1. Could you grab me the full set of residues in segment 207-221 that are under 18 Å from Y162 (Cβ atoms) and not polar (S, T, N, Q)?
2. Looking at this structure, is D97 surrounded by fewer than 19 Cβ atoms within 10 Å (Cβ to Cβ) and of a type in the set (D, E)?
3. If you go through segment 143-156 one residue at a time, do you hit one that is farther than 17 Å from F76 by Cα, hydroxyl-bearing (S, T, Y) and part of a strand (DSSP E or B)?
4. Could you list, in sequence order, the residues of segment 142-188 that are among the hydroxyl-bearing types (S, T, Y) and free of Cβ contacts under 8 Å to residues at least 40 places away in the same chain?
5. Of all the residues that make up segment 173-221, how many are closer than 16 Å to R147 by Cβ, part of a strand (DSSP E or B) and in contact with a Phe, Trp or Tyr (Cβ under 8 Å, 6 or more places away or on another chain)?
6. F67 fails exactly one of the following numbered conditions: (1) assigned to a strand (DSSP E or B); (2) of a type in the set (F, W, Y); (3) more than 15 Å from the chain's Cα centre (by Cα). What is the number of that condition?
7. If only one of P55, P136 is surrounded by fewer than 19 Cβ atoms within 10 Å (Cβ to Cβ) and touching an Asp or Glu at 6+ places or on another chain (Cβ under 6 Å), which one is it?
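Every read-out reported here was derived from the displayed coordinates using simple, explicitly stated rules and does not represent laboratory data. Please read these numbers as outputs of a predicted model, since none were measured by experiment. Positions of Cβ are backbone-derived with ideal geometry, glycine not excepted, and every protein chain shown enters the neighbour counts.
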Amino acid sequence: MTHAIDRNANIPIDKPVLKDRAPDFEKLTGAKGWARLHPAIRKRFSDHNLRVTYPGTLKVQTSRFGFLFAVLLYPFGKPLPLARARSFVAEVKVFPDKRGGVVWQRNFLRPNQTPLRIESVKQLGADGGLMECIRPGLLGGIGMGLRVYEQDSALNFASTYYFLRWGRLRLPIPLWLTPGRTLVEHIDEGGKNFRFRLTMTHPLFGRTVYQDGLFSDLEKV
């Protein structure tokens, strides 16, 4: 899989998101790519006022290096589960954010039945590009710029840069100080099911994080 080049040096500092403008995934993907997506995927990503819950399961595999970063990033909004190899009963809730973005709230049930929540917002940056930002934790938040494209009828999100944020301030993070480039794949499996797959690959340490989830779209007709 080919990713966009790292552009940490060009991250705009202290630029706000665009208020009251939800991401237009059709525009971000391009008309031709959007048309090639599975119809069910277009439905899920075209309604910005959608409020829906997708139940399912999620398998997590994390290398030692990836687990270390999950621990280090925990105070910045808990972007990664603290698990080396585990399967979770899970649900994903999608709903609009008050600033115009789309919230993806992932709830995982631990073996002791206590919940683990990871919540992020996909929103447009001031330059019109897509960003995904984790809800801030005790020490602030973390986010990434995303390139959106279609491949094999699936919708893909590939990271292009990372940043820490405190309010409107954003500070770039070099790629080697992260778990690596992120690739998220949204794949329709037919019927009422779709697959969520996340892979993080470090330039020196290889694959650090892998998540593979199968969810049911109960809203699908």
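1. Of all residues in segment 207-221, those under 18 Å from Y162 (Cβ atoms) come to 207-209, 211.
Result: R207, V209.
2. The answer is yes for D97.
3. yes
4. Across segment 142-188, the qualifying residue is only T182.
5. Summing the residues that are closer than 16 Å to R147 by Cβ, part of a strand (DSSP E or B) and in contact with a Phe, Trp or Tyr (Cβ under 8 Å, 6 or more places away or on another chain) in segment 173-221 gives 8.
6. Status for F67: all satisfied but (1).
7. Just a single option satisfies the conditions, and that option is P55.
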